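Encoded as structure tokens, the structure appears first; notes follow it.
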Amino acid sequence: MPKHYRPPGKKKEGNAARYITRSQAVKYLQVSLSVFRRLCIFKGVFPRDPKKKVKGNHHTYYHMKDILFLKHEPLLDKFREMRAYEKKVKKAMSKKNKDLAERLLTRKPSYTLDMLIRERYPKFIDALRDLDDGLTMVHLFAALPAIERENIQAERIHNCRGLSLEWQAYVSRTHKLRKAFISVKGIYYQAEVEGQKITWLTPHALQQVMPQDVDYKIMLTFLEFYETLLGFVNLRLYNSINLKYPPILDPRLKALAADLYALTRYVDAKDKKDGGNHEESELRLAQLQDQLPANEPGALMHLVENTADENEDDEETTACKTLFKDITFFLSREVPRESLLFVITAFGGVVSWEGDGAPFEESNQSINYQIVDRPTQSHRFISRDYIQPQWVFDCINARVILPTEEYMVGKVLPPHLSPFVDNEAEGYVPEYAETIKRLQAAARKEILPMPGGEQDDLDNAQNLLAEGIIDRAKAKEAAERKRKMEVFQAQYHEELKAELEGKTDTSTPTTPKESKKKKKKEKNVDDEEEEIEDDGNLKQFADDNDNMSKVAMSRKKRRLYEAMKISQERKKASVDTLKTRKKNIQKSKKTTSD
């Protein structure tokens, strides 16, 4: 008798009734495998992993509720209609009936995914939470070439590029960009839109290599859904800042491949137009208040104040908006123009570039920084700094204007630290991260403790500095005096305690300095022995606790606990490796300097 034998006439129960294999689902829906995959991608239906696999481990399982969900989808009828249409066209072409084939080609059935977006994302915040993969996919295809054999059409590429630039223009205009990191894969960005952190990856502006082992049909199906989703999101975001969507761009700038700059100009022009109508709206509001009863104007003004409060920027957005305020940049032709234009304008800077369509020329005297990536320059202007592109990204991640000495042309750049890594949680803080932390504290006019010091020693000086009573140098002197007084006070208390207990060494008459050194040495030896004993006892106690807790755990929890321990040991080993490498580098620097 088979393992999962079911007598004839008996109803299915358990996993046999709840789950269905992919081949059974395709047969049940009466569609091809490609149509089934496409429908699953559009509807967000994914395979399941049941605990008890009735048909075996080599099958892909779907939940029966999901399959019934697909059965009543209107898109399924549309796909069947398109399949019948393709058969009619093929039959007409095979019979060489060109007139019928041409008439059929003009009546090709089409479909939209608008209702699916409304169905999968009932609220706008749900669409923003699921936007990471969509943005990455759209930015990827915006950088790909059009290939006929893979059915990657030029129209799709232009549409993806337009959607990605519209998204970047909104983020840049509202100053919602928070982080940027250059990696080998591309440039990672993170924006905060309506309280949701959205992270996406943009490929480098290089010629893309198309691998042969990628199923582009699946990717194009995902892209079709993400294009519709991003279009809806851009429409909602542009309407939130009172802009018409889709934007109308300057054809001259569009022909010069300056689409992002054209979008920025479009947004700025609309803002100026709205600003011009502000006085007229105030006049209408005043007239409306005169016509309302006595108890109404207060409520109306309260409503206007609430609207103004909603439009006010938060603290993080204000810091991002004013980072590059009143700073002008110029981009040389060898640097990535689009990414730098996006980042600099998102943080309040003014930027131009070398080429047609630029706002101003390289000879403009208002330029503060020129971003270059060449070791030599044909001519230099004394009134500006020549820096490498990494300086811009490090500044926006640190939220301060960093010194440019380390980023000058021809110099070896400092490490480009990732803003997505929490150094404190990882257990290793790079040396350059500590330098940036001190620069941030200096920008906020704070005092940080020296390595090995404590924050409590600086409380009084910190308060005086905050109140403006003393300057930074005097605050440092006060903190140092306080630290020395505490050391002397602790030493005095130890001597008094020794005198009260009567612990005097009368074996050998020594001078006060020698007796003090002897006491200090004996105390250090005793402390070391006590520390060794305490460490051994604590380690044994911790091991006993771990063993007792493991005994009380179930097998599944014990394996999970062991996996966590292994990951912690690996993290600790990697941190130790970084520390040893840092020590070796410092030793080599000392030997070379000597």
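No lab work stands behind these numbers, since they all come straight from the coordinates. Keep in mind that what you see is a predicted model, and the values were worked out from it rather than measured. Cβ sites come from the backbone with ideal geometry, for glycine too, and all protein chains shown count toward neighbours.
For a quick check of your reading of the filter: which GluC sites (Glu not before Pro) in the stretch 109-218 sit in a DSSP loop and have no more than 11 other Cβ atoms within 10 Å?
Loop-located and lightly packed - Glu148.
So which trypsin sites (Lys or Arg not before Pro) in the stretch 358-417 end up in coil per DSSP with only 14 or fewer other C-beta atoms within 10 Å?
Answer by residue number: Arg380, Lys411.
Among the listed pairs Lys95/Lys217; Lys43/Lys91; Lys98/Lys217; Lys43/Lys108; Lys27/Lys78, which are separated by more than 27 Å between their Cα atoms?
In this structure, Lys95/Lys217; Lys43/Lys91; Lys98/Lys217 exceed 27 Å between Cα atoms.
Sorted by packing (mean other beta-carbon atoms within 10 Å per residue), highest first, where do 339-350, 95-106, 27-38 land?
Highest to lowest by the protection proxy: 339-350, 27-38, 95-106.
Taking a ≥ b ≥ c as the square roots of the eigenvalues of the Cα gyration tensor of the stretch 114-240, is the shape rounded (a/c under 1.5), prolate (a/b larger than b/c) or oblate? Mind showing how you got there, number by number?
Working: a/c = 1.93, a/b = 1.30, b/c = 1.49.
Oblate shape, in that a/c is at least 1.5 and b/c is the bigger or equal ratio.
What does the highest-first list of 211-219, 41-49, 357-365 look like by mean Cβ count within 10 Å?
So the order, starting with the most tightly packed, is 41-49, 357-365, 211-219.
From the square roots a ≥ b ≥ c of the eigenvalues of the alpha-carbon gyration tensor of the stretch 321-421, which class results: rounded (a/c under 1.5), prolate (a/b over b/c), or oblate? Spell out each step's value before the answer.
Values: a/c = 1.63, a/b = 1.22, b/c = 1.34.
In terms of gyration-tensor shape, oblate.
In the stretch 129-171, which trypsin sites (Lys or Arg not before Pro) fall in coil by DSSP and have 11 or fewer other Cβ atoms within 10 Å? Before the final figure, lay out the partial values.
Numbers: sites: Arg129, Arg149, Arg156, Arg161; in loops: Arg149.
Loop-located and lightly packed - Arg149.
Using mean Cβ contacts within 10 Å as the protection proxy, how do 325-333, 238-246 order, highest first? Don't jump to the answer; show the numbers that get you there.
Values: 325-333: 17.7, 238-246: 13.6.
Those peptides, ordered most packed to least, come out 325-333, 238-246.
Rounded, prolate or oblate: which one fits the stretch 553-594, using the alpha carbon gyration tensor with axes a ≥ b ≥ c (rounded when a/c is under 1.5, else prolate when a/b beats b/c, else oblate)?
Since a/c reaches 1.5 and a/b is larger than b/c, the shape of the stretch 553-594 is classed as prolate.
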